[in-house]
1. With a 1.4 Å probe and all protein chains kept in place, how much accessible area does Y149 have, in Å² rounded to the nearest 10?
2. Nearest 5 is fine: what % of DSSP beta bridges in the chain come out antiparallel, could you say?
3. Report in % the part of the accessible area of the chain that belongs to carbon and sulfur, leaving out ligands and nucleic acids; probe 1.4 Å.
4. May I ask you to compute the full-extension gain from A46 to D77, defined as 0.36 nm times their residue separation minus their alpha-carbon distance, rounded to one decimal in nm?
5. Among the DSSP beta bridges whose two residues both lie in region 73-167, what percent are antiparallel, rounded to the nearest 5?
6. If you take the beta carbon distance between R191 and S2 as r and set R0 to 30 Å, what does 1/(1 + (r/R0)^6) give as a FRET efficiency, to the nearest 0.05?
7. Add +1 for every Lys or Arg and -1 for every Asp or Glu among the other residues with Cβ under 10 Å from the Cβ of P179, and state the total.
8. Per residue, what accessible area does the chain have, given a 1.4 Å probe and all protein chains present, in Å²?
Amino acid sequence: MSDILVHTEAGVTTLTFNRPDKKNSITAAMYATLADAVEAAAADPAVRCVVFQGNETTFSAGNDIGDFLNNPPTTEDSPVLRFLRAVAQFPKPLLAAVCGPAVGIGTTLLFHCDLVYAGDNAAFSMPFVNLGLCPEAASSLLVPQMLGYHRAAEALLLGEPFMAEAALEVGLVNRVLAPSEASGYAQSVARKLAAKPLSSLVQTKQLMKRHQMPMVMEAMAEEGRRFGCLLREPAAREAFGAFMERRKPDFSQL
Ligand code: COA
């Protein structure tokens, strides 16, 4: 079965991370499928909204670390950057049902979603510094905006996970549910949205986002440049090597 399931029904496209044995970590090939699906959903007038989901125990462990080392995003057209742009600029409502770990892009993606429903087992983390990297997906802009600077510094400099209730408190998620209910609830909200007039949904989202959008695109481009440089530096090599070898990274000389 495919690592990304794409299913459209009743005006709702659902994109499911489906690589449970690797904690739904995302390869370049999966990003390409996701980017194609989001772009297609944007262009298809029969689609009113998109829902991202994993399963009841895992949303996504973020980038597949081995694949990321072998296929680093080197150009603007790389699948991950294409996906991020498509998500940031998606004109219709984006929803997510999040259970279990949501690491890296598993969390930063949510800052581009309009509605997020979390299982009470959801654990959000952005461990970019721990990997010798820097924020991506405009998270250097959006995380301080939503969490406030000091909580953002905790999330981005320390990279430690925070749980569903904390995410609810800062406004990153709309509602916390039992893990078995998160996906169904997101689907019911998506159906509600799909019954509304598309042009009003699109205009309303655009009005809410239009002042912010140029800053989001600028942040994403700048982060992409720095992320690409950091990826080639010794700290990232050490962090990724340590993950593959299942040991603690040693940054003492870096
Ligand atoms: N890339 C590649 N493989 C990954 C992965 C990732 N980001 N995350 C998990 N996996 C793989 C593990 O290597 C393991 O594979 P194996 O069974 O072949 O050994 C399998 O998925 C299960 O992972 P494991 O760590 O045993 O699961 P866990 O339940 O103990 O922990 C996580 C889950 C998500 C907390 C943990 O896997 C993790 O921290 N992953 C790395 C997250 C990360 O740093 N992502 C990059 C963000 S840019």
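The values are calculated or read from the model by the stated rules, or taken from the named source; none is laboratory data. Since this is a predicted model, take the numbers as computed values, not measurements. Note that we place each Cβ from the backbone using ideal geometry, even for glycine, and neighbour counts take in every protein chain shown. We work out accessible area using only protein heavy atoms, side chains counted, and drop any ligands, DNA or RNA first. Shrake-Rupley method; radii C 1.70, N 1.55, O 1.52, S 1.80 Å.
1. The accessible area of Y149 comes to roughly 150 Å².
2. Numbers: 8 of 29 bridges.
That works out to approximately 30 percent antiparallel.
3. Working: 6750 of 12010 Å².
Answer for the chain is 56 percent, counting heavy atoms of protein chains only.
4. Numbers: separation 31, 0.36 × 31 = 11.16 nm, distance 2.69 nm.
That works out to 8.5 nm of additional length.
5. Details: 2 of 9 bridges.
Rounded to the nearest five, the antiparallel share is 20 percent.
6. Details: r = 24 Å, r/R0 = 0.80.
It comes to 0.80.
7. On the way: positive: none; negative: E56, D120, E181.
That sum, taken over residues with Cβ under 10 Å, equals -3.
8. On the way: 12010 Å² over 254 residues.
For the chain, the solvent-accessible area averages 47 Å² per residue.
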